[in-house]
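K.L.:
One structure, pasted below without further comment.
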Amino acid sequence: MSDLKAHIALFPGRTARQGQLPALHPEYFQVEERTLPEQLARMAHVAQSFRFYNLKDQPQGSWAEYLLADPVFLAAVISQTDTQADWPRAKALFEAALRAKPGQSDDYWQHFFELGWQQVEQLNHWYTQTEKLIHASPLSHYLKQLIKTTAGPAWQRLYDDYSLLTSTWPSFHNALKSRIQLPALWAFSNMDGESEENPLVSDTWWSNLLLHMKALLELRQQVIEQAGKYLDEALRHSDMSPQTGLILSFLGLMEYPKALLNQATHKHLEYYYRQVLGMRPEPPTAGRTWLTFTLPPDGLPLELPAGTRFDAGTLDGEGSPRYAASGAPATLTAA
């Protein structure tokens, strides 16, 4: 029967797990669900509240500076930066400024460009932090190249837009310019003055203004994703200082009580649905389908016993193998 080919057209059915509501899966909610990067970032944040005393018993910054001198902690802090609200906020400010009456849009524009400046400040702060690391890190080189080749020009375009608005509308306060202080790494140059032809009347200019902001936000997101990749690589190859390795060892030991604590959800569901409500999970139901066969070249009749199994691929989303089995004996002929 090795020459017999089965063609499966459809396999409707349901496993026991597929019959459950997603909200009733034990892993849908866990008491302690923080990941290792989240725990490292939280530790660095809390460390800001603890003073560091040097050998002369004098305060010298906080313990956060000590932790962030290690690439693993810095990468964890960067990778856990929340940026979900930035782009919706930028769009909302942009649209509100365009809808505002003359003379009432200044505040919206100021907040819009302040948001862009915050991206630059954070990128520059991260790069400054990488310069203080206890040993060289690929993250430092990545940030330096990003600022020189991409982030610097992106901010320049956005700042040029800002300069044009301040020079075109005398009522628009120029409060941001006095705060801008960036190192030479950004290759930053002020652009003051008004162009010969005012592009503010062009719809294309306004569209490009929003695109310039989006480009800057996307660059920061790239840094966050790259920091996450570096952190995964460093943890996989144990590329860290001894003190960080010790901290990670303790966090690893915490996985055991964490696993026990997270069983609370499963045990609560089991007790409530099985004991209180007296409910039982539905068994899996077998699917029914039609099978068509291709006989071998000799065309001789073949007996197909009941229960003969055929490969039916894998279960969707689970990767487990599934099979189709004949329900009754059959004789296969070419007729």
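The values are calculated or read from the model by the stated rules, or taken from the named source; none is laboratory data. This structure is a prediction, so every number in the text was calculated from the model and none was measured. Because the Cβ atoms are built from the backbone with ideal geometry, glycine has one as well, and the counts that use them run over all protein chains shown.
K.L.:
Just to verify a result, which residue in the stretch 60-70, among those that are assigned to a helix (DSSP H, G or I) and touching a helix residue (DSSP H, G or I) at 6+ places or on another chain (Cβ under 6 Å), is farthest from Tyr142 (Cα to Cα)? Don't jump to the end; show me each part of the working.
P.N.:
Filtering the stretch 60-70 for residues assigned to a helix (DSSP H, G or I) gives 63-67.
From what is left, the residues that are touching a helix residue (DSSP H, G or I) at 6+ places or on another chain (Cβ under 6 Å) are 63-64, 67.
On the way: Trp63: 26, Ala64: 23, Leu67: 21 Å.
So, considering only residues that are assigned to a helix (DSSP H, G or I) and touching a helix residue (DSSP H, G or I) at 6+ places or on another chain (Cβ under 6 Å), the one farthest from Tyr142 (Cα to Cα) is Trp63.
K.L.:
Taking the condition of being of a type in the set (Gly, Ala, Ser) and farther than 17 Å from Gln110 by Cβ, how many residues in the stretch 149-167 meet it?
P.N.:
Keep residues of the stretch 149-167 that are of a type in the set (Gly, Ala, Ser), which gives 151-152, 154, 163, 167.
With farther than 17 Å from Gln110 by Cβ added as a condition, the list becomes 151-152, 154.
Summing the residues that are of a type in the set (Gly, Ala, Ser) and farther than 17 Å from Gln110 by Cβ in the stretch 149-167 gives 3.
K.L.:
Shifting gears a bit: Among the numbered conditions (1) surrounded by 13 or more Cβ atoms within 10 Å (Cβ to Cβ); (2) touching a residue at least 40 places away in the same chain (Cβ under 8 Å), tell me where Asp232 comes up short.
P.N.:
Among (1) surrounded by 13 or more Cβ atoms within 10 Å (Cβ to Cβ); (2) touching a residue at least 40 places away in the same chain (Cβ under 8 Å), the lone unmet condition for Asp232 is (2).
K.L.:
Sort out which residues of the stretch 59-111 are free of Cβ contacts under 8 Å to residues at least 12 places away in the same chain and touching a Leu at 6+ places or on another chain (Cβ under 8 Å), and write them in order of number.
P.N.:
First, pick out the residues of the stretch 59-111 that are free of Cβ contacts under 8 Å to residues at least 12 places away in the same chain: 59-61, 82, 84-85, 88, 92, 95, 99-102, 104-105, 107.
Within the stretch 59-111, just Ser105 meets the criteria.
K.L.:
Further, regarding this structure: Kindly list, by first and then second residue, each pair from a residue in the stretch 39-53 that is at pLDDT below 90 to a residue that is loosely packed, with under 14 Cβ neighbours inside 10 Å and not acidic (Asp, Glu), limited to pairs with Cβ atoms under 8 Å and residues at least 6 apart or on different chains.
P.N.:
Qualifying pairs under 8 Å: Phe52/Pro59; Phe52/Gln60; Phe52/Gly61; Tyr53/Pro59; Tyr53/Gln60.
K.L.:
Here is a follow-up. Sort out which residues of the stretch 50-82 are within 24 Å of the chain's Cα centre (by Cα) and exposed (fewer than 14 other Cβ atoms within 10 Å of the Cβ), and write them in order of number.
P.N.:
Asp82
K.L.:
Report, ordered by the first and then the second residue, all pairs with beta carbons closer than 7 Å, sequence separation of six or more or different chains, a first member in the stretch 137-153 that is under 14 Å from Asn124 (Cβ atoms), and a second member that is polar (S, T, N, Q) and surrounded by 15 or more Cβ atoms within 10 Å (Cβ to Cβ).
P.N.:
Ser140/Thr130; Leu143/Thr130
K.L.:
Moving to a separate point now. Does Ala306 count as surrounded by fewer than 15 Cβ atoms within 10 Å (Cβ to Cβ), in contact with a Lys or Arg (Cβ under 9 Å, 6 or more places away or on another chain) and aliphatic (A, V, I, L, M)? Steps first, please.
P.N.:
Working: surrounded by fewer than 15 Cβ atoms within 10 Å (Cβ to Cβ): yes; in contact with a Lys or Arg (Cβ under 9 Å, 6 or more places away or on another chain): no; aliphatic (A, V, I, L, M): yes.
Taking the combined requirement at face value, the residue does not satisfy it.
K.L.:
May I ask you to verify whether Gln222 is in contact with a Phe, Trp or Tyr (Cβ under 9 Å, 6 or more places away or on another chain), within 29 Å of Ile78 (Cβ to Cβ) and part of a helix (DSSP H, G or I)?
P.N.:
Working: in contact with a Phe, Trp or Tyr (Cβ under 9 Å, 6 or more places away or on another chain): no; within 29 Å of Ile78 (Cβ to Cβ): yes; part of a helix (DSSP H, G or I): yes.
Against the criterion (in contact with a Phe, Trp or Tyr (Cβ under 9 Å, 6 or more places away or on another chain), within 29 Å of Ile78 (Cβ to Cβ) and part of a helix (DSSP H, G or I)), Gln222 does not qualify.
K.L.:
Still on this structure, please answer the following. Determine which single condition Tyr272 fails, assuming it passes every other condition in (1) modelled with pLDDT under 80; (2) surrounded by fewer than 13 Cβ atoms within 10 Å (Cβ to Cβ); (3) of a type in the set (Ser, Thr, Tyr).
P.N.:
(1)
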